[in-house]
Amino acid sequence: MLETAAYTDLRNFIKKRIKFAQYKVENTWYDCAIAETVITADGIVRIKCQIAHGAACTIVGVRLKNADQEVWATKIVNVVIENSTTNFMQWFDFTLEEREVS
């Protein structure tokens, strides 16, 4: 079974490895800021993306990429941004779980 140090190392690896975020409008991916990357008190690695498209649109996807520009995670969303809306926050939660297989 994994010990506390292993969970800490794995969480820190995820936290440090994800470097970029993007959101999709129609068929085009746009870069967006990673607003915050934290490890919560209950051990979840939470990565928040701040999306500010600057115009009315429908966001249909959000994804995270590593330092090598490889996609690590993708979410399908359907978020309508109106002219008066300045930004939208989307987050990804990563939970590590160990299971014993018999």
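The values are calculated or read from the model by the stated rules, or taken from the named source; none is laboratory data. These numbers come from a predicted model, not from an experiment. Cβ coordinates were reconstructed from backbone atoms using ideal geometry, including for glycine residues, and neighbour counts include every protein chain displayed.
For V79, state whether it is over 10 Å from the mean Cα position of the chain (by Cα), part of a strand (DSSP E or B), modelled with pLDDT of 95 or more and not basic (K, R). For V79, the condition - over 10 Å from the mean Cα position of the chain (by Cα), part of a strand (DSSP E or B), modelled with pLDDT of 95 or more and not basic (K, R) - is not met. In region 23-45, the residues that are touching a residue at least 60 places away in the same chain (Cβ under 8 Å) and within 17 Å of K75 (Cα to Cα) form Cβ pairs under 9 Å with partners that are outside any loop (DSSP other than H, G, I, E, B) and of a type in the set (D, E, K, R), at six or more places apart or across chains, as follows: Y23/D31; Y23/R63. The sole residue among A41, A73 that is over 15 Å from M89 (Cα atoms) and not in a strand (DSSP E or B) is A41.
Return yes when Q50 is part of a strand (DSSP E or B) and touching a residue at least 40 places away in the same chain (Cβ under 8 Å) and no when it is not. First the steps, then the outcome.
Numbers: part of a strand (DSSP E or B): yes; touching a residue at least 40 places away in the same chain (Cβ under 8 Å): no.
So Q50 fails the test.
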